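Reviewing the structure listed below.
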Amino acid sequence: MKTKLKYGAILLVTLIVTILLCDWYVSATTKDKLYNTVENIPHNKVGVVLGTAKELKGGYTNYYFTYRIDATVALYKAGKIDYIVVSGDNSRKDYNEPMDMEAALIARGIPREKIYLDYAGLRTLDSIFRMHAIFGQESFTIISQPFHNQRAVYIANHLGLNTVAFNAKDVTRKYGFKTLLREKFARVKVLLDNLTDKKPKHLGPSIEIGEGLIQERAE
């Protein structure tokens, strides 16, 4: 019994240390590419907004969504990005993050012809990988909350892409506690994805930004 407890304790400590080290490493290797102000962030032709649900269960406002839209509008109106890719989950007919983001941006005055929909951004890895593989962008701006931007930029660095990220307003710790907890494990997963050379679930034909609204839907 004591032996089992001993090995259990060792395993638990190893797991905790691994999570903490992965969390630290992702943050430490990306912090110089994250920006908090519109004035300081460099210009890129394209910005990609990472998807999230428009509403929470029960119809409550998802502030992650609201603040990402706010950040994207601010960048576009300041001339820091010229085109926008909205990348999210559309794996079910009754759930469409890209179209919800597109509608929100248009309602805020962004021209529809400046917005491209990526329906196959099922994971952050997919969204970042597809920005190069599908949309042909080697340099672009990532838009999400700081914790998410760090992981997205880390993925981009691993893929040899030149990205910066704009930090959308974050939510309160109480509101985002579960999300931040999941993020700790997501950072372990992203390092494992790198080791196994994980690829997106969907690829598809190339889409040239600025050459008309040829929209792709994942099969």
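Of the candidates 94, 89, 100, the single residue that is crowded, with 19+ Cβ neighbours inside 10 Å and more than 24 Å from residue 161 (Cα to Cα) is 100. The strands (runs of 3 or more DSSP E) found entirely in segment 111-206 that carry 2 or more residues being of a type in the set (S, T, N, Q) and within 22 Å of residue 101 (Cα to Cα) are 139-144, 162-167. Each residue in segment 144-182 was checked for being touching a residue at least 40 places away in the same chain (Cβ under 8 Å) and of a type in the set (D, E, K, R), and 3 of them qualify. For first residues located in segment 186-202 and more than 17 Å from residue 121 (Cα to Cα), partners that are modelled with pLDDT under 85 and open to solvent by 40 Å² or more (accessible area, probe 1.4 Å) and lie 6+ apart or on another chain with Cβ distances below 8 Å form the pairs 188/18.
Every condition in (1) open to solvent by 30 Å² or more (accessible area, probe 1.4 Å); (2) aliphatic (A, V, I, L, M); (3) touching a Lys or Arg at 6+ places or on another chain (Cβ under 8 Å) is met by residue 69 except one, and the failing one is (1). State whether the residues of segment 8-16 include one that is touching a Leu at 6+ places or on another chain (Cβ under 8 Å) and either under 30 Å from residue 137 (Cα atoms) or of a type in the set (S, T, N, Q) (or both). No: segment 8-16 contains no residue that is touching a Leu at 6+ places or on another chain (Cβ under 8 Å) and either under 30 Å from residue 137 (Cα atoms) or of a type in the set (S, T, N, Q) (or both).
When 13, 17, 26, 38 are checked against the criterion of being out of contact with any strand residue (DSSP E or B) (no Cβ under 6 Å at 6 or more places or on another chain) and part of a loop (DSSP other than H, G, I, E, B), a single residue qualifies: 38. Of all the residues in segment 125-139, those that are closer than 18 Å to residue 68 by Cα and surrounded by fewer than 22 Cβ atoms within 10 Å (Cβ to Cβ) number 0.
Residues to consider are 90, 62; find the one that is modelled with pLDDT under 95, touching an Asp or Glu at 6+ places or on another chain (Cβ under 6 Å), more than 19 Å from residue 208 (Cα to Cα) and not acidic (Asp, Glu).
Details: 90 fails: touching an Asp or Glu at 6+ places or on another chain (Cβ under 6 Å).
Criteria check complete, one pass: 62.
Would it be correct to say that residue 57 is within 19 Å of residue 177 (Cα to Cα), open to solvent by 20 Å² or more (accessible area, probe 1.4 Å) and basic (Lys, Arg)? Show your work before the answer.
Numbers: within 19 Å of residue 177 (Cα to Cα): yes; open to solvent by 20 Å² or more (accessible area, probe 1.4 Å): yes; basic (Lys, Arg): yes.
Here the answer is yes, as residue 57 does meet what is asked.
Taking first residues from segment 7-21 that are under 16 Å from residue 181 (Cβ atoms) and open to solvent by less than 90 Å² (accessible area, probe 1.4 Å) and partners that are of a type in the set (D, E, K, R) and at pLDDT 75 or above, the Cβ contacts under 8 Å between residues at least 6 apart in sequence or on separate chains come to 19/184; 19/187.
When residue 49 is tested against (1) open to solvent by less than 30 Å² (accessible area, probe 1.4 Å); (2) touching a Phe, Trp or Tyr at 6+ places or on another chain (Cβ under 7 Å); (3) closer than 14 Å to residue 149 by Cβ, only condition (2) is not met.
Here is a yes/no grid of residues against (1) crowded, with 21+ Cβ neighbours inside 10 Å; (2) at pLDDT 95 or above:
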residue	(1), (2)
74	no, yes
79	no, yes
108	no, yes
111	no, yes
141	yes, yes
144	yes, yes
151	yes, no
166	yes, yes
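The values are calculated or read from the model by the stated rules, or taken from the named source; none is laboratory data. Bear in mind the structure is a predicted one, so any value in this text is a computation, not a measurement. Methodologically, a virtual Cβ is constructed for each residue, glycine included, from the backbone with ideal geometry; neighbour enumeration extends over all protein chains shown. SASA here: full protein model, heavy atoms, side chains in, ligands and nucleic acids out. Shrake-Rupley method; radii C 1.70, N 1.55, O 1.52, S 1.80 Å.
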